[in-house]
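What follows is calculated from the coordinates using simple rules that are stated; it is not laboratory data. Here the structure is a predicted model, which means the values were calculated and not measured. We place every Cβ from the backbone using ideal geometry, glycine too, and count neighbours over all the protein chains shown.
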Amino acid sequence: MKRTIIFTVLLLLIPCTSYANSIDFGTKATQLAGEIIANPAGFFYEFQQDLETTTPLPPGKTYGFQTGIFPTLLPATYANLSGKYRLHGEGKISPFLPQLDIAGGYWNMIATKIATEQSKDISNLDFNGYYLDLIMSSSVSPKIRTFYGYKYSQLKASLKLNKAVDIAGAQVTTFDSGFKDDFLIAGIEHITGINKFWSIQVNYGIKEQVLASKISWYGKYFEFGLNIYPEGILVIHPVLNFHLNF
Amino acid sequence: MKKTIILIVVLILLFHSNSSATTGEGSKIFSPYFDMTLSEGAFIPSEGNFFSGGNINAQVGLLTKVNPSNSIFGLYNLNYAGPGFQPQDSKQFQERSLSHGFNIEYRRGIIERLKIRPGISYSKEYRRTGANEAWENGLYNMDSLGGQLAADYYFDLDRDGILTFQYLTRDVKFPNYTDLLREFQGAGYSSEVSGGLQDQALNHISLRPRWNKFFGGLTYVWQDYKNERVIELNGTYGGTRQRDENITLDFGFHHILSIFEMYPAISWTMHKSNQNYLRYKYLGAVSSDLLSGSSDVTLIKGNYNYNELNLNIPVDLLITSKWAISGGINIVKRDYTDRPPRDSNNTYDFNSRQSNTLTTLSAGIRKRLNEIALFRINYSLIVGSSNNTFEKYLPYNYTGNSISIAYQVTY
């Protein structure tokens, strides 16, 4: 079976090879670089979404911790920690009330600290962010939960220079940028085995019309994800997070 | 304000869907509905650089059964359509749209075999031509508000035989739309002269039978523009307002024969518009004879009228209960009844009529991940051909390759 699939995939890829020569990666790289320069906060915020925990705690767990490993800690040097706490267990007070979790986290970019220490021109460079979310979840069958939520998310970037630099005729000594939005979250989770979950969700930023979809496989310790930012610069992010739930 | 309303409606839907869910499968009062499709692909056109694009469609709904013959269905739909290959005469590859749709439908059983479904709906759509344009500023951003009346007659309960009649009406507004040229020309006497030109009243009537997984229908859609007027044969706007009409016939089925899962569909559409088109060959072109066909300014009567055939034949080969190999062909052929094609110099050829064909050949793999989810990887070869070779603004003759991955979840 696997051979058939591999063979089929190869067959699918053959027609594309004839077009490989027509692809101009140099132009594409320049275009991407231009998009990052035009909206740096948006670009770095996508990495923040990679480390944000927006799935409910597994049934029976009260609290948990998470840290993003890839592409957040490595290679983006986002030192980060998230926490999650169950406010209400599903059906505990009343059978009509869903599980309610509160979660939040903070990150700070280590590379900016190193840059500040090593540069004579930079007085202070700070790159950090935080988020807070509320997730409601409830079972629609023994193996399936739907979850919905709200998330407030913010990224802040500030730069202070020791001496002014000329940018397009303006003398610049400080630079402040950032991103913040209120998000609505909707997703579905499927239990695939003991301590094995699969989920898919959409995050929608109401103010900035930001869209993100996350597909995740997670177990007792690790979460493997495929985050898709259709309007982003790097559209697909493979993600690896480490978590512990108690 | 609208965002607040959207937020409140979504939260109400979400709360109810959760509260219903906790009642478990045994609950007959609330039934949640959840459908999400995500896809992301790479597109390699024969002209220009490669690009990526995707689609997100998420539907969250709730069916509330008040009693056996009365129920209410609420549905929220988020749809994002990213860059991708497009049929000729439609839009640029890089265009993208984002829409929110809200629909509330009351379902009432009149007699055992007859059900009526009145409803209201509101939708808001954002469009932009590229990632560097703000969603709020899209020229074709649209608000739509309206209602519907549908009736279902169950003529064969054993084989799911239903005849559905539906009438729906929409008040469609394009708040940002303007005609810059007309605004410039009319700036002296009115600043509003070019606003609201796309605003329209849209009506839709359809009759659709369905039986034993065969389906078909006859649909009639007409759009009455509120402000846009028709260009007369003398090249000026007259007093008649624009009116567009579509008549569509379609037929298809979804059957599994042995290891073949087939869901082909064919449709034929006749589009009519009373609007004409004035072609300026270059900026500042002037002509006194608009109908000669060779003038720099040429009027094409019935420019937008066409007949379109859409044939879609997808087939899935079910190898195992989880794995399937899929393939298919889709052909869209549009023949304009009055519009002549143009050559690369923007000159009309009145000896023929414009004809566009878009053919898509696709092949891929489908895997059922679990009870509710599917994963697809798909390759498509797209061939666009037309006898119109004036491609300064939109491509008509091109070849493209795309590879995409897609997830689909339905509960």
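Which listed residue (B:Ala285, B:Val315, B:Leu299) has the Cα farthest towards the positive end of the charge dipole for the range B:267-356, taking +1 on Lys and Arg C-beta and -1 on Asp and Glu C-beta about the Cα centre? Result: B:Val315.
Neighbour counting of Cβ atoms within 10 Å sorts the residues A:Val235, A:Val172, fewest neighbours leading, into A:Val172, A:Val235.
Applying 0.36 nm per residue to the separation of B:Asn234 and B:Asp335 and subtracting their alpha-carbon distance, the gain on full extension is 33.7 nm. Summary of the geometry: the range B:73-97 and the range B:371-411, compared by the centres of their Cα atoms, lie 12 Å apart. Using the Cβ-Cβ distance between A:Thr27 and A:Val172 with R0 = 35 Å, the FRET efficiency computed as 1/(1 + (r/R0)^6) comes to roughly 0.75. Distant-in-sequence amide contacts of A:Gly91, defined by a placed amide H-H separation under 5 Å and a gap of 5 or more residues or a different chain, comprise A:Leu97, A:Gln99. Residues considered: A:Ser137, A:Ser82, A:Ser123. Largest GNM mean-square fluctuation over chain A, using C-alpha springs under 10 Å, is found at A:Ser123.
Toward the positive end of the charge dipole of chain A, with +1 on the Cβ of Lys and Arg and -1 on the Cβ of Asp and Glu, the farthest Cα among A:Thr62, A:Leu226, A:Thr27 is that of A:Thr62. Taking other Cβ atoms within 10 Å as a rough exposure proxy, B:Leu311, B:Leu78, B:Leu63 sort from fewest to most as B:Leu311, B:Leu63, B:Leu78. Considering all different alpha carbon pairs of the protein assembly as shown, the Kirkwood hydrodynamic radius works out to 28.1 Å. Taking the Cα centre of the range A:25-245 as reference, the dipole from Cβ charges on Lys and Arg (+1) and Asp and Glu (-1) amounts to some 600 debye. Where in the range B:328-355 is the amide nitrogen less than 15 Å from a point lying 7 Å along the Cα-to-Cβ axis of B:Leu381? Within reach of a label on B:Leu381: B:328-331.
For chain B, a simple Cβ point-charge model (Lys and Arg +1, Asp and Glu -1, everything else neutral) yields a dipole of about 740 debye relative to the Cα centre. Taking label points 7 Å from Cα along the Cα-to-Cβ direction, B:Thr129 and B:Tyr167 give a separation of 4.0 nm. Taking the empirical scaling 2.2 N^0.38 Å for compact globular proteins as reference, chain B has a Cα radius of gyration ratio of 1.10. Among B:Asn79, B:Asn212, B:Asn305, the residue with the largest mean-square fluctuation in a Gaussian network model of chain B, with springs joining Cα atoms closer than 10 Å, is B:Asn212.
Between B:Gly101, B:Gly239, B:Gly130, the residue with the greatest mean-square fluctuation in the GNM of chain B (Cα pairs under 10 Å linked by springs) is B:Gly239.
Give the angle, between 0 and 90 degrees and rounded to the nearest 10, that separates the Cα long axis of helix A:40-51 from the longest principal axis of the Cα atoms of chain A. Approximately 30 degrees, to the nearest 10.
Length gained on full extension, B:Ile116 to B:Asp158: 13.1 nm, using 0.36 nm per residue less the C-alpha separation.
Which listed residue (A:His243, A:Asn195, A:Leu100) has the Cα farthest towards the positive end of the charge dipole for the range A:95-246, taking +1 on Lys and Arg C-beta and -1 on Asp and Glu C-beta about the Cα centre? My answer, from the dipole projection, is A:Asn195. Checking the cross-link pairs A:Lys143/A:Lys220; B:Lys213/B:Lys272; B:Lys91/B:Lys392; A:Lys180/A:Lys220; B:Lys213/B:Lys322 against a 20 Å limit on the alpha carbon distance flags B:Lys213/B:Lys272; A:Lys180/A:Lys220; B:Lys213/B:Lys322 as lying beyond it. Each of A:Thr116 and A:Asn195 was given a label point 7 Å from its Cα along the Cα-to-Cβ line. The distance between the two points is 3.9 nm.
Need one value for A:107-119: mean number of C-beta atoms belonging to other chains within 10 Å of its residues' C-beta atoms.
For peptide A:107-119, the averaged partner shielding equals 0.
Here the Karplus curve 6.51 cos²θ - 1.76 cosθ + 1.60, taken at θ = phi - 60°, turns the phi angles of the range A:215-231 into couplings of 10, 9, 10, 9, x, 5, 10, 10, 10, 9, x, 10, 9, 10, 10, x, 9 Hz, with x standing for Gly and Pro.
Averaged across the residues of A:136-148, what count of C-beta atoms belonging to other chains lies within 10 Å of each residue's C-beta? List each step's numbers first, then the result.
Values: counts 7, 2, 9, 5, 14, 6, 2, 3, 7, 2, 8, 2, 8.
That average works out to 6.
A simple spin-label model places the labels of B:Asn370 and B:Gln92 4.1 nm from each other, with each point 7 Å out along Cα-to-Cβ.
Please report, in debye to the nearest 20, how large the charge dipole of the protein assembly as shown is about its Cα centre when each Lys and Arg carries +1 at its beta carbon and each Asp and Glu carries -1 there. Spell out each step's value before the answer.
Details: 60 positive and 57 negative charges, 316 e Å.
Computed charge dipole of the protein assembly as shown: roughly 1520 debye.
Across the range B:224-243, the residues whose backbone nitrogen lies under 19 Å from the label position 7 Å along the beta-carbon direction of B:Ala285 are B:231-237.
Taking amide H positions as modeled 1.01 Å from N, with prolines and chain starts lacking one, the residues under 5 Å from B:Phe30 and 5 or more places away or on another chain are B:Lys65.
Tell me the net charge near B:Ala324. Cut-off is 14 Å between Cβ atoms, B:Ala324 excluded, with +1 for each Lys or Arg and -1 for each Asp or Glu.
On the way: positive: B:Lys322, B:Arg366, B:Lys367, B:Arg368, B:Arg376; negative: B:Glu261, B:Asp316.
The answer is +3.
For Cα pairs less than 8 Å apart in space and 6+ apart in sequence, what is the mean separation divided by the residue count of chain B, i.e. the relative contact order in percent?
Working: 1087 pairs, mean separation 43.8, N = 411.
Rounded, it is 11 percent for chain B.
Starting from the Cα gyration tensor of chain A, take the square roots of the eigenvalues, sort them a ≥ b ≥ c, and report rounded, prolate or oblate (rounded when a/c is under 1.5, otherwise prolate if a/b is larger than b/c, else oblate).
Details: a/c = 2.23, a/b = 1.26, b/c = 1.76.
Oblate, since a/c reaches 1.5 and b/c is not below a/b.
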